[in-house]
Amino acid sequence: MDVISVIRTKRDRGELSPEQIDWVIDAYTRGVVADEQMSALAMAILLNGMNRTEIARWTAAMIASGERMNFDALSRPTADKHSTGGVGDKITLPLAPLVAACGAAVPQLSGRGLGHTGGTLDKLESIPGWRALLSNEEMLNVLDTTGAVICAAGDGLAPADKKLYALRDVTGTVEAIPLIASSIMSKKIAEGTGSLVLDVKVGTGAFMKTIEDARELASTMVALGTDSGVKTVALLTDMSTPLGLTAGNALEVRESVEVLAGGGPQDVVDLTLALAREMLDAAGIKDADPEKALADGSAMDVWRRMIAAQGGDPDATLPVAREQHVVTAPQSGVLTRLDAYDIGVAAWRLGAGRARKEDPVQAGAGVELHAKPGDTVTAGQPLLTLHTDTPEKFEYALQTLGGSYDIAPAGTSFTANPIVLDRIA
Ligand code: URA
């Protein structure tokens, strides 16, 4: 087998054979295939695609590059959720303890933010003492004792994906649907969950800008999961405007705790409950009531135990940024657009996100929204509050916010997008 013939096959729009796929993934993981050769292959895949048979084999080869976890010893069925990433997407934080409170075990291996979308681990690390890095043994122990664990994926899980994702990130090949689907699903299948609910975001703040692309990604991932024996369902959800009223690490933890306390913004509550119902259904738990588990404090109890089991203090005061800047509404009327991508970029520029994997993030930085699309606003009222420890960043963040919202004359009728746009099972 030689790598140039594999690259030529895909460059010339051919179908990669199972042997070619197994060999190239293994050889790349071992360093026998060089980064520049894998970049050429990834670009050929981005341009010419892969069919479902190729994607399934590619995913299986990435799973085989590392270890597979197993939760069979747990007394509860396992249910996991994966979001393709958005702005203000803090849903994992209330969702994992909520689903655990309803009887499932939730092993939530999560990532850090890169670019304009936030990462679950960065958010939780704003809680003093909380640790994202756990050994497999520690992870199983937290899961077994509290019902939920949110932690970083270990190095042993799909190492081929870890290497390939870093390469795609710097070669303009992240956006290939076959590569996104196989990257996400290789980690989820290797993780060993029994059921999986995918939250595929659609809109300006998401990877997938159109509903057609989101459907293709979702149906590819659902097929990969189902064929591997993981009960998999996808919801396509709106990411044209940020979720909730905050984008930023500690700001989003605070909002998640509000949801667990029975309050919080309605869109965050609605999406948390919709995903919880799907996860419980996929795990075969029929008689649970997630709305009640939010209202009666049982989800909050699991949250507190889960945070404490990972070294965090659930009662600690969360970090607050040193400086604030308020953006006011320039005129009165109805807010008809507040763009998710622009708010995500502003939060990132204020210090909530990172440009390179090794960059630090500011726990208190981010953007707070005082109105959502559909709300009536009055000239001069606060629209956004920007938070940062480094006030020289305000101007840089404000550059991205100039065209980020529209205010129509008072009385203009406005219909918000539903939060759940479609379901693929
Ligand atoms: N998230 C992943 O894990 N992989 C991708 O390719 C894109 C998003």
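The values are calculated or read from the model by the stated rules, or taken from the named source; none is laboratory data. Small disclaimer: the values here were computed from a predicted structure and weren't measured. All Cβ positions, even for glycine, are placed from backbone atoms using ideal geometry, and neighbour counts span all protein chains on display. Please note that ligands, DNA and RNA were not included when accessible areas were found on the heavy atoms of the full protein model with its side chains. Shrake-Rupley method; radii C 1.70, N 1.55, O 1.52, S 1.80 Å.
Distance between the C-alpha centres of the range 371-387 and the range 82-105: 28 Å, rounded to the whole angstrom.
With contacts taken as Cα pairs under 8 Å and at least 6 residues apart, the chain reaches a relative contact order of 20 percent. In percent, rounded to a whole number, the relative contact order of the range 1-104 is 27, using alpha-carbon pairs under 8 Å and six or more apart. Per residue, the average separation of C-alpha pairs within less than 8 Å and at least 6 apart gives the range 184-250 a relative contact order of 42 percent. With all protein chains kept in place, the per residue accessible area of the range 161-280 amounts to 28 square angstrom at a probe of 1.4 angstrom. The stretch between Glu36 and Asp169, if pulled fully straight at 0.36 nm per residue, gains 46.5 nm over its current Cα-Cα span. Checked against a 22 Å cut-off, the cross-linked pairs Lys90/Lys209; Lys90/Lys393; Lys163/Lys209 give Cα-Cα distances beyond that limit for Lys90/Lys393; Lys163/Lys209. Given a 1.4 Å probe and every protein chain left where it sits, what share in percent of the accessible area of the range 3-49 is carbon and sulfur? Summing carbon and sulfur atoms, their accessible area is 51 percent of the total for the range 3-49. Taking the protein heavy atoms of the range 323-408 in the context of the full set of protein chains, the accessible area attributed to carbon and sulfur is 50 percent at 1.4 Å. Solvent exposure of the range 323-408 amounts to 43 Å² per residue of accessible area, where only protein heavy atoms count and the probe is 1.4 Å. The trypsin sites (Lys or Arg not before Pro) of the range 126-177 that DSSP puts in a loop, and whose beta carbon has at most 16 other beta carbons within 10 Å, are Arg131. P(r) for the range 249-316, from all Cα pairs and a bin width of 5 Å, is 3, 16, 23, 25, 19, 10, 3, 0 %, short bins first.
Taking a span of 20 Å or more along the helix axis (Cα atoms) and a mean Kyte-Doolittle hydropathy of at least -0.5 as the rule, the DSSP H helices of the chain that qualify are 177-191, 211-227, 266-282.
Annotation: amide H of Thr232 within the under-5 Å range of Leu196, Thr226, sequence separation 5 or more or interchain, hydrogens built in the peptide plane. A 1.4 Å probe run over the range 3-49, with the rest of the protein chains in place, finds 50 Å² accessible per residue. In the elastic network of the chain, a GNM with C-alpha springs shorter than 10 Å, the most mobile of Gly403, Gly411, Gly205 is Gly411.
Working value for the range 3-49: equivalent-ellipsoid semi-axes of 16, 12, 8 Å, each the square root of 5 times a Cα gyration tensor eigenvalue, largest first. Are there trypsin sites (Lys or Arg not before Pro) in the range 9-49 that DSSP puts in a loop and that have at most 12 other Cβ atoms within 10 Å, and which ones? Passing both the DSSP loop test and the Cβ count: Arg13, Arg30.
Ligands, DNA and RNA aside, His325 has an accessible area near 70 Å² when probed at 1.4 Å. Per-residue ellipticity at 222 nm, computed for the chain from helices alone with -39500 (n - 2.57) per DSSP H run of at least four residues, works out to -13000 deg cm²/dmol.
For the range 337-402, which trypsin sites (Lys or Arg not before Pro) are in a loop by DSSP, counting at most 13 other Cβ atoms within 10 Å?
Arg356, Lys357
Here's how it looks for Thr246: its modeled amide H is under 5 Å from those of Leu369, which are all 5 or more places away or on a different chain.
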